[in-house]
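See below for the structure under consideration.
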Amino acid sequence: MLVLAYESASAHDAALHNRRSMTELGPSPLAAREANLSVAQARAAIAAQLKPINARETVPIAQALGRMLAEDVVSPIDVPTHDNSAMDGYAFAGARLTDESPLVLEVVGTALAGKAWQGTVGPGQCLKIMTGAIMPAGLDTVAPQEVVQVATDGRVSIPAKLLRTGDNRRLKGEDLQQGCAALHAGTRLGPAACGLVASLGLAAVPVKRRLRVAYFSTGDEILSVGEAPSEGAVYDSNRYTVFGMLKHLGCEVIDMGVVRDDPSLLEHAFSTAASKADAIITSGGVSVGEADYTKAMMKKLGDVAFWRIAMRPGRPMAVGRIGSSVLFGLPGNPVAVMVTFLAFVRPALLRMMGCSAADAPLLKARSTEAIRKKPGRTEYQRGLVTTAADGTLQVRTTGNQGSGVLSSMVQANGLIVLHHAQGNVGAGGEVDIMMFDGVL
Ligand code: AMP
Ligand code: MG
């Protein structure tokens with residue numbers, strides 16, 4: 001059985017654990033070393049085997065953006081701390097409102113935000129109040145200043161039937177109550193969550209430590225930028241697409257460059273990566289019939305399954321463990337790398353980071369063109385989603401869908417996801433989209 005259980009104390013423990021699982025749990029669907037899997041099976045198999053890292057640290061809010069919350073944030077206060085006005089206007093007792101006639105009130109003072117107004121407001125009286133100012137006891141309703149008429153004697157008149165008791169008043173604790181979980185463990189901290197932490201008066205938050213991910217490209221034909229071009233060689237683009245996707249996830253990236261197809265270089269690269277990283281990503285050399293040492297080295301050093309996934313682009317992928325690091329051996333083609341990363345690696349890394357929402361949501365859009373699709377595999381097409389004249393979303397493909405063609409990936413703002421059982425899509429048919437916004 002392939003065990004991706006995460007964070008064993010050592011590689012030795014991991015090996016023991018693997019052996020124990022194999023005998024105690026019996027053969028798993030992944031027991032086949034060269035398994036044929038659907039995208040859903042592959043995703044489920046990965047998800048079932050990964051555990052979040054435990055290590056955590058406390059960071060100031062300004063450094064918390066994009067980090068994963070390690071424990072619930074319990075609110076030490078009510079937010080807001082007092083009933084207060086939601087508008088600039090006049091605070092009064094709503095019980096005095098009638099449907100028959102305007103309410104005419106004498107103004108006894110002004111309450112400003114930031115300090116409590118001292119005094120009492122009697123029957124027939126009201127208080128001029130600014131947004132955010134505390135509502136004095138006995139007052140529960142605010143008439144916005146633009147609906148009120150001010151007479152020459154200074155009294156204000158509030159039209160009948162316009163307001164109800166409680167209008168334009170924010171209640172103490174209506175956002176958050178003291179002692180409740182304001183944010184849950186596993187939340188990825190975005191700008192709103194950072195603001196919410198600050199609204200509680202907290203300066204720092206407990207987050208999971210950053211995931212360390214090592215990456216290298218394999219293949220004798222792969223050149224690093226800066227090297228002289230040569231016949232048959234291609235520049236290493238995967239290193240930069242993977243680097244970008246890892247950065248967007250908030251990972252610490254260990255860039256190991258291009259590793260030549262040489263057993264001792266590969267062994268050194270895999271061992272170094274496993275000693276430093278929580279996860280190792282490689283590209284190239286995992287196809288069936290690859291005449292190189294990458295697969296052989298993965299087999300030698302780790303517990304790795306070689307999958308053929310019913311998908312396009314993508315198909316071959318190696319998944320397993322080397323030492324205590326999780327390994328994703330992605331195919332070499334540049335778009336296949338990005339698609340397999342989005343379909344499998346991204347949710348897996350988010351799970352390891354302790355994120356409670358690891359899967360990217362899919363949107364629906366209307367395809368402006370017919371798309372040919374064979375049932376029995378998942379296809380990802382590069383699409384440009386736009387808003388149609390009627391306000392609904394529409395999508396068209398961005399040209400050459402070859403698995404090495406990065407330019408059509410650049411023109412796309414999402415992937416059209418054509419599911420396993422789905423067949424041809426007619427022009428105007430609805431399709432699922434994984435938008436790049438927030439993902440790539
Ligand atoms: P492979 O999976 O090793 O058979 O590679 C499939 C295709 O992807 C080949 O055309 C490779 O030249 C290309 N390729 C592999 N690695 C990279 C890379 N790092 N950058 C760009 N293209 C690559
Ligand atoms: Mg190759």
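The values are calculated or read from the model by the stated rules, or taken from the named source; none is laboratory data. Everything quoted here is computed from the prediction, not taken from an experiment. Cβ sites come from the backbone with ideal geometry, for glycine too, and all protein chains shown count toward neighbours.
Conditions (1) over 25 Å from S38 (Cβ atoms); (2) modelled with pLDDT under 95; (3) in contact with a Lys or Arg (Cβ under 8 Å, 6 or more places away or on another chain), marked per residue:
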| residue | (1), (2), (3) |
| --- | --- |
| L363 | no, no, no |
| S367 | no, no, yes |
| T378 | no, no, yes |
| L384 | yes, no, yes |
| A388 | yes, no, yes |
| Q394 | yes, no, yes |
| A412 | no, no, yes |
| G428 | yes, no, yes |
| M434 | no, no, no |
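One residue is enough: does the stretch 243-253 have a residue meeting the conditions within 10 Å of ligand 1 (Cβ to nearest atom) and surrounded by fewer than 18 Cβ atoms within 10 Å (Cβ to Cβ)? Within the stretch 243-253 (the criterion being within 10 Å of ligand 1 (Cβ to nearest atom) and surrounded by fewer than 18 Cβ atoms within 10 Å (Cβ to Cβ)), the answer is no, since none of the residues qualifies.
Of the candidates G428, G414, the single residue that is touching a residue at least 40 places away in the same chain (Cβ under 8 Å), away from ligand 2 (no atom under 16 Å from the Cβ), buried (at least 17 other Cβ atoms within 10 Å of the Cβ) and among the small types (G, A, S) is G414. Each residue in the stretch 350-409 was checked for being out of contact with any helix residue (DSSP H, G or I) (no Cβ under 6 Å at 6 or more places or on another chain), assigned to a loop (DSSP other than H, G, I, E, B) and not aliphatic (A, V, I, L, M), and 17 of them qualify. Scanning the stretch 71-88 for residues that are at pLDDT 95 or above, over 30 Å from M130 (Cβ atoms), assigned to a loop (DSSP other than H, G, I, E, B) and under 28 Å from the mean Cα position of the chain (by Cα) turns up at least one hit. Annotation note: of T165, T218, the sole residue that is within 16 Å of ligand 2 (Cβ to nearest atom), more than 29 Å from L69 (Cα to Cα) and among the β-branched types (V, I, T) is T218. The residue pairs whose first member lies in the stretch 337-362 and is on the phi > 0 side of the Ramachandran plot, whose second member is among the hydrophobic types (A, V, I, L, M, F, W, C) and surrounded by fewer than 20 Cβ atoms within 10 Å (Cβ to Cβ), and whose beta carbons are closer than 6 Å, counting only pairs six or more residues apart or on different chains, do not exist in this structure. Screening G232 with (1) surrounded by 13 or more Cβ atoms within 10 Å (Cβ to Cβ); (2) within 13 Å of ligand 2 (Cβ to nearest atom) gives one miss only, at (1).
When every residue of the stretch 324-342 is checked against the conditions, at least one turns out to be over 26 Å from E221 (Cα atoms) and of a type in the set (S, T, N, Q). Applying the criterion of being assigned to a helix (DSSP H, G or I) and among the hydroxyl-bearing types (S, T, Y) to the residues of the stretch 237-288, the residue that is farthest from ligand 2 (Cβ to nearest atom) is S275.
For the residues A233, A214, A228, the requirement of being more than 19 Å from P334 (Cα to Cα) and small (G, A, S) singles out A228.
When Y293 is tested against the conditions (1) away from ligand 2 (no atom under 16 Å from the Cβ); (2) hydroxyl-bearing (S, T, Y); (3) over 26 Å from A55 (Cα atoms); (4) touching a helix residue (DSSP H, G or I) at 6+ places or on another chain (Cβ under 8 Å), the lone failure is (1).
Scanning the stretch 185-236 for residues that are assigned to a loop (DSSP other than H, G, I, E, B), out of contact with any Gly (no Cβ under 9 Å at 6 or more places or on another chain) and within 19 Å of L249 (Cα to Cα) gives T187, R209.
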